[in-house]
Structures are given as structure tokens and as C-alpha cells.
Amino acid sequence: MVAPTPPDVGSPDREYSIDSNGVEIAVHEWGEPDAPVLMMIHGGFDFARTFDCFAPYFAAAGWRVASWDHRGHGDSGHAHLYSWDADLRDAAAVFDHVAGRRAVPAIGHSKGGALSINLADAQPYRFRTIVNIDGMPSKRPIPDVAEHERTKMLASEIESWIAHREATAAAARRPDTIVGLAERRGKMNPRLSAEWLQYLVTVGGYESDDGWRWKLDPSMRFGGFGPWRPEWARYKMAGLGVPFLGLLGDQEEPMGWGATPEEIRPWQPVGGVIEQYEGVGHFLHIERPREMAERIMDFLGAPA
Amino acid sequence: MSGTTFLTHNRVELALHRLRASDGPALLLLHGLGEFSPAAVPSYAADWTGSVYALDFTGHGASTMPLGGGYTAELLMADAAIAVRHLGGATIVGRGLGAYVALLVAGGRPEEVHGAVLADGPGLSGGATVPTSQPVVMATPVDGPPDPYAIIELGRDLRPPDYATTFVRLANEGSTLDEPITVTARFLPQWLRSVVEAPGVRYTEHIADALAAYA
């Protein structure tokens, strides 16, 4: 088990929502409202408040950090439908609101890293710099990306997915205690401390008469199938035209993408940097927030 | 129409229209992109002896129009699968986008789909067959169906030929029919050309002839 523990965290300074084509998207900001913008993009089945242990470093250094809960995650609305296109559109709506048409730096973790690559491919004018924390494409199926992005076409997988769709109307998150929810999440995040996971319950869950539940939309699930091949994102990464820093750990864990520097480097953008850190897993920014924040701020340069 | 039943798919209510009641096997019609269900049994199905139904996909016809888009062909496959299970099994005729969805559900629920006919219609081609730089498009809000996000997203969804033929293979493995897929489309985009060339797929010019083989 590794850091951080709750005393290290800082709540957002501002929280509000915007409308993205009828879906309410919750935005969280740390730092002075007139400071230079730095976007942070969370991973699948996470939420913006998972940056509570990381964003404050950047805010203290003079950045206005803005992050948002993807649809169905955190405090954002539960949508009728979920797709990669919809996530990109929601991201564009947040960028429009926070940064207008100005190019800003962005840090994306896991699915958020992949989102930043895809949005930068579609709308490169939005990005000044990209930092990707274990969200770089490999051939391994991506563990925290919505089902339609995957390529698993076994009959049982398809049947399982259809059965899930048939049952989602009555789906509900299972209630538990704070400790219980944290322990369940710990199975997917085994390297994070119990204290941190319990803190996440208090900001990513809600309490009702029968206990705590995650705010995550119960209609979302891991697994599935679709025409997309994870490695296709390599082609987009290779074409990025802004400074790029990719960060990897060397410890495998359930949510990790399993990408290695050797696998990534042939596809890194021109002038890009790929770094791997020893003894750390998928959540580099949570396991070692200060070290990663200092490395990223050195890469970004002074807020501007 | 002879009656409409609403089926629940997550937060969407799907309109399943009964065009003809009968004790015989069910025929399910899947419309094309931007279309909605026909009000009467089409002429090509006049000789079908069983019941005839038509489904409005999510965001189309009398079905729920979602907020904020997020369409995929696989999601529509679940629409169709829910309708097929409600009917206790069915033969399917799909037009355009509905043809692609018919292929997916024929592979996804082969024991419940008693033949799928893939016909010309809007949305037949889909989008790229390889990864491309897709524009991020915001649609102007509209008062009624079809949902513009359905038009945008389902009109350009990725349809790699090897992905399509995987569903042919699944249909062949799970169906009791020798030829569970029949193509009648005259326009053959890349994914459909690969389907036509796959084992277990029949090509015939007329939908009525295809249905006669599944009756």
C-alpha cells in the first residue's frame, strides 16, 4: 500500500456544471480563476476528484487546473448512451468553456490519456502540450475504456453484453459501508492505500438510507466488443504535433494498460519523451504525486 | 398499424410496431438510418405467413430520443436483440443501417434469429474501415426524431470487413440454418462485399425470394 492519505489532498476551489448537448457535465477547478489553464482528464470508472491528491501541486505553482467528470462518472449526469464520440464531444464542450479556442496543456490518465490523444488528433488547436500517464495504446485490450472500444468478439462476450443491456433498466449500484466500498475498489486498485480509497468513497459516492454507493452509472460496465482495435490509437499518437511526455510504471495491476516503453517508442510523436518509473503501477500520480507533479511541471515550464 | 408495444432498453423506450398479427413465425423489419418503421406490411413481405413487426431504433420514430448522442451499431444490435427476444425469435429484414444491425444480431443471438436479410437502404455503407481522424461534431438541437446525433454517429461508424465477417462466422456456428445470412443489396460496400463472399451467405436479388427460403 502506498500514499497518499487524506491529509495530502485538496478539494477543488470551484465546482460547477455545464451543459454538453443535454448532458450535465460537472467541472472541478483548483487554483486562481485567472491563472493559466491546465486541463486534467481522469481515467475510466474514476472521476475528477481522484486528482484531489495531485491538482493542488499545480494550483500552488500558479496553474488553474480544470477537470471534469466524464458522463456517467462522478457528479456528471447519467446519459442515455455512452460512446467514445460522446466523450470526445463532452471534452470539447469543457475545453470550449474553460479555455475557449486557446491551446492549453493537458494531463490525461489512462482513458483520459487516450481521450487527449484522440481529441488532439481531431482538434489539435486545443493543445499546447500533452502529458499521458499510462494511457498510451498497446495491443493489450484497454481495461477502463467503454465496451464499444474493445475488440473481443467471442460469442459469450457478445451474449454477456446483450444480457447486460437487457438488464440495465433495473440496475443499481450495490450499497455498502465506506470501508466496504473501498475494499471492493481495492480489488481493481490494489496498490492504493485503504485510507485513500476510503476518501474516494466520500467524494465519489453518496450516502442513502441503506449505505454508500458509487455515483457511477450502473449501466456502464467493463468488457464488451466492437470494431475498434486499441493499437489503432498508435497512428494518432505518432502524428501529434505538440510536446509530448508519456509516463509509465513498471508494476502490472488490473487497471494498467500493460504498455512497455519498447512497445510505445516506435510510435511516440516527433520530439516526444517516454519515461518509465520503477516500483510504481498504473496510478503514478496517486502513488507518487509530488514526484510526478515536479517532473510534469518541469516539462511544462512556468505557467503561461 | 395494428398496435405498438414499448420495450425498455436501459433508459430508452423502444417502439415495436405490429404490422400484422398471426400465429405464424415472426418477421421483424429494421429500418435504415434516419428512417422509421413502415405503417403497413411492405410488398416484399406480402407472402410471409406469420406475424410482421417493425422496430424503431433508439433515436428514431416513436422510440426515445436520447440526449447528447453516443450511438454505436452495437447499441442498436442490443435494440434488435431485445425485440427478437420479446418476439420469441424472428426472421429479420434490415434496410441500410438496419442491414448491418441485422448481421450483428444474427451473429450475437444466432439461435433466435431465423435468417437475416440484408437489403439496400440509408446508412448501408457506414464510415471508414480503418482508423481515421473523425471530426468532433456538435449538432443543432431538434424538436423530434430522427436524432441528428444518430445520423452523424451511425453514418460514419467503423465497419472493418473482418469485423463484419466475424458475425457471419458466429451466425454459422450458432444457427440451425445452412445459410443464415442472405444479401439482397445491390450496393456492396467493403464490409458487405466481404460478407457476401463468406461461407453461409446467400445472395439473391429479391427480398421476397430471400424470405421464402426462411419461411
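The values are calculated or read from the model by the stated rules, or taken from the named source; none is laboratory data. Since the model is a prediction, treat every value here as computed from it, not as a measurement. Methodologically, a virtual Cβ is constructed for each residue, glycine included, from the backbone with ideal geometry; neighbour enumeration extends over all protein chains shown.
Given the condition under 15 Å from the mean Cα position of the chain (by Cα), among the hydrophobic types (A, V, I, L, M, F, W, C) and within 14 Å of chain A (Cβ to nearest Cβ), answer yes or no: does some residue in segment B:177-188 qualify? Looking for residues that are under 15 Å from the mean Cα position of the chain (by Cα), among the hydrophobic types (A, V, I, L, M, F, W, C) and within 14 Å of chain A (Cβ to nearest Cβ), one finds none in segment B:177-188, hence no. So, in segment B:88-100, how many residues would count as being closer than 20 Å to residue B:212 by Cβ and surrounded by fewer than 24 Cβ atoms within 10 Å (Cβ to Cβ)? Here the count works out to 1. Suppose the filter is more than 10 Å from chain A (Cβ to nearest Cβ), under 19 Å from residue B:110 (Cβ atoms) and in contact with a Phe, Trp or Tyr (Cβ under 8 Å, 6 or more places away or on another chain); does residue B:83 pass it? Answer is yes for this residue.
Of the residues contained in segment B:137-149, one or more are found to be out of contact with any Pro (no Cβ under 6 Å at 6 or more places or on another chain), within 8 Å of another protein chain (Cβ to nearest Cβ) and hydrophobic (A, V, I, L, M, F, W, C).
Residue under question is residue B:103, and the condition is that it be more than 8 Å from chain A (Cβ to nearest Cβ), of a type outside the set (Ser, Thr, Tyr) and either touching a Phe, Trp or Tyr at 6+ places or on another chain (Cβ under 6 Å) or surrounded by fewer than 24 Cβ atoms within 10 Å (Cβ to Cβ) (or both); does it hold? For residue B:103, the condition - more than 8 Å from chain A (Cβ to nearest Cβ), of a type outside the set (Ser, Thr, Tyr) and either touching a Phe, Trp or Tyr at 6+ places or on another chain (Cβ under 6 Å) or surrounded by fewer than 24 Cβ atoms within 10 Å (Cβ to Cβ) (or both) - is met.
When residue B:35 is tested against (1) acidic (Asp, Glu); (2) part of a loop (DSSP other than H, G, I, E, B); (3) surrounded by fewer than 18 Cβ atoms within 10 Å (Cβ to Cβ), just one condition goes unmet, and that condition is (3). Just so you know, in segment B:153-175 the residues that are in contact (Cβ under 8 Å) with a residue 60 or more places away in the chain and surrounded by fewer than 18 Cβ atoms within 10 Å (Cβ to Cβ) include one that is nearest to the chain's Cα centre (by Cα), and it is B:155. Residue A:127 meets the conditions (1) away from chain B (no Cβ under 11 Å); (2) under 17 Å from residue A:29 (Cα atoms); (3) touching a helix residue (DSSP H, G or I) at 6+ places or on another chain (Cβ under 6 Å) in every case but one. The failed one is (2). Residues of segment B:5-32 that are over 18 Å from residue B:112 (Cβ atoms), assigned to a strand (DSSP E or B) and among the hydrophobic types (A, V, I, L, M, F, W, C): B:6, B:12, B:15, B:19.
Screening residue B:59 against (1) out of contact with any Ser or Thr (no Cβ under 8 Å at 6 or more places or on another chain); (2) without any contact (Cβ under 8 Å) to a residue 40 or more places away in the chain; (3) more than 16 Å from residue B:38 (Cβ to Cβ) leaves a single unmet condition, (2).
Looking at B:170, B:154, just one residue is within 21 Å of residue A:227 (Cα to Cα), in contact with a Leu (Cβ under 6 Å, 6 or more places away or on another chain) and among the hydrophobic types (A, V, I, L, M, F, W, C), and that residue is B:154. Does residue B:123 meet the test of being surrounded by 17 or more Cβ atoms within 10 Å (Cβ to Cβ), closer than 24 Å to residue B:209 by Cβ and touching a Gly at 6+ places or on another chain (Cβ under 6 Å)? So residue B:123 passes the test.
Being within 29 Å of residue A:80 (Cα to Cα) and in contact with a Pro (Cβ under 8 Å, 6 or more places away or on another chain): is that true of residue A:259 here? Considered against the rule, which asks whether it is within 29 Å of residue A:80 (Cα to Cα) and in contact with a Pro (Cβ under 8 Å, 6 or more places away or on another chain), residue A:259 comes out as no.
For first residues located in segment A:9-29 and more than 14 Å from chain B (Cβ to nearest Cβ), partners that are of a type in the set (Lys, Arg) and lie 6+ apart or on another chain with Cβ distances below 7 Å form the pairs A:28/A:49; A:29/A:14; A:29/A:64.
The helices (runs of 4 or more DSSP H) found entirely in segment A:164-266 that carry 3 or more residues being touching a residue at least 40 places away in the same chain (Cβ under 8 Å), under 20 Å from the mean Cα position of the chain (by Cα) and crowded, with 18+ Cβ neighbours inside 10 Å are A:194-204, A:233-238.
Can you tell me how many residues in segment A:291-304 are surrounded by fewer than 17 Cβ atoms within 10 Å (Cβ to Cβ) and either at pLDDT below 95 or under 17 Å from residue A:43 (Cα atoms) (or both)? Number satisfying all stated conditions: 1. Looking only at residues in segment B:132-152 that are under 19 Å from the mean Cα position of the chain (by Cα) and aliphatic (A, V, I, L, M), the one that is surrounded by the most Cβ atoms within 10 Å (Cβ to Cβ) is B:150. If the condition is being among the aliphatic types (A, V, I, L, M), over 17 Å from residue B:127 (Cβ atoms) and either crowded, with 24+ Cβ neighbours inside 10 Å or facing chain A (nearest Cβ under 9 Å) (or both), then segment B:51-75 contributes B:52, B:54, B:55, B:65, B:67.
Which of the residues belonging to segment A:81-98 are facing chain B (nearest Cβ under 8 Å) and of a type in the set (D, E, K, R)? If the condition is that a residue be facing chain B (nearest Cβ under 8 Å) and of a type in the set (D, E, K, R), then A:85, A:89, A:90 are the ones that fit.
Okay, residues lined up against (1) in contact with a Pro (Cβ under 7 Å, 6 or more places away or on another chain); (2) outside any helix (DSSP H, G or I); (3) surrounded by 24 or more Cβ atoms within 10 Å (Cβ to Cβ):
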residue: A:80; (1), (2), (3): yes, yes, yes
residue: A:86; (1), (2), (3): no, no, yes
residue: A:92; (1), (2), (3): no, no, no
residue: A:102; (1), (2), (3): no, yes, no
residue: A:106; (1), (2), (3): no, yes, yes
residue: A:116; (1), (2), (3): no, no, yes
